[in-house]
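Take a look at the structure set out below.
The values are calculated or read from the model by the stated rules, or taken from the named source; none is laboratory data. All of these numbers come straight from a predicted model, not from anything done at the bench. Cβ: placed from backbone, ideal geometry, glycine included. Neighbour counts: every protein chain shown.
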Amino acid sequence: MNIIAAGYETTATQLCFMTRLLALNPNHQNRLVDEIKTTFDDNADIDYDRLMKMPFLDAFVKEIMRINCSVNRIDRITTNDTYLGGIFVPKGTVIIIPIWALHVDPDHFPDPMEFKPDRFMPHNENLIKDYTYLPFATGPRNCIGMRFALMEMKYTLVRLLRKYEFLACDETQDLDYFTPLVQIACMKQMKVRVKHR
Ligand code: HEM
């Protein structure tokens, strides 16, 4: 169950969101296609080093995981009495870290509901405050699959965009998702049009 929820549903959900945001943002889709063409010759093998150094692909994936993070909150239990921001917190207290609320807080991300991958372009990334962007959590118990998931999502996107164009249809705006595991949002239904390039 753990590996299905942690390793499969998270990545699958992000990829669904990606196809939707590609369809709704043709300008970003075209920018990605251009970056793919300049990074890899036609149908050249996709190698890890070049894949992971594509700035706009990286920014696009990061922005999706900000606005539609699949793990929307995590919990921790204090193992000792401690102080947090001057407040006494006794041992055994459950602390909820509201990942999605942090990601859409306008103090951290201006116009938080706007999909703007440029926030994560290299020249802007230094504007992001520590611990405000936590799609994979942080610290010693963060996601062990983070690097694998990022590679998998980027690889899949490049493969898909080389062959297909994603277009919006009437139902694309409507999002139908549910949170069966409380913390992990899963898509119930999402519709886009797909066309061969
Ligand atoms: C987009 C994809 C993914 C996202 C957003 C994601 C997110 C997260 C987050 C936020 C945590 C911390 C949970 C907590 O502290 O309560 C976590 C933990 C974990 N993730 Fe992922 N994950 C993803 C993909 C994967 C993949 C592909 C695998 C395995 C192949 C994986 C395996 C795990 C495991 C085993 C843990 C528990 C680590 C521990 O407790 O030490 N995840 N993940």
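Selection within the stretch 89-101: residues that are touching a Ser or Thr at 6+ places or on another chain (Cβ under 8 Å) and modelled with pLDDT of 95 or more. The member of this set that is farthest from the ligand (Cβ to nearest atom) is P90. Scanning the stretch 71-81 for residues that are under 32 Å from the mean Cα position of the chain (by Cα) and more than 30 Å from Y8 (Cα to Cα) yields one hit, T79. Please find, within the stretch 116-142, the residue that is farthest from the ligand (Cβ to nearest atom) out of those that are surrounded by 17 or more Cβ atoms within 10 Å (Cβ to Cβ) and either among the acidic types (D, E) or in a loop (DSSP other than H, G, I, E, B) (or both). By that ranking, first place goes to K116.
Inside the stretch 26-72, can you point out the residues that are touching a strand residue (DSSP E or B) at 6+ places or on another chain (Cβ under 7 Å) and either surrounded by fewer than 17 Cβ atoms within 10 Å (Cβ to Cβ) or under 21 Å from F148 (Cβ atoms) (or both)? Within the stretch 26-72, S70, V71 meet the criteria. When the residues of the stretch 10-68 are filtered to those that are within 12 Å of K154 (Cβ to Cβ) and polar (S, T, N, Q), the one that is farthest from the chain's Cα centre (by Cα) is T39. Only one of the numbered conditions (1) in contact (Cβ under 8 Å) with a residue 24 or more places away in the chain; (2) part of a loop (DSSP other than H, G, I, E, B); (3) within 16 Å of the ligand (Cβ to nearest atom) is violated by L150, and that is (2).
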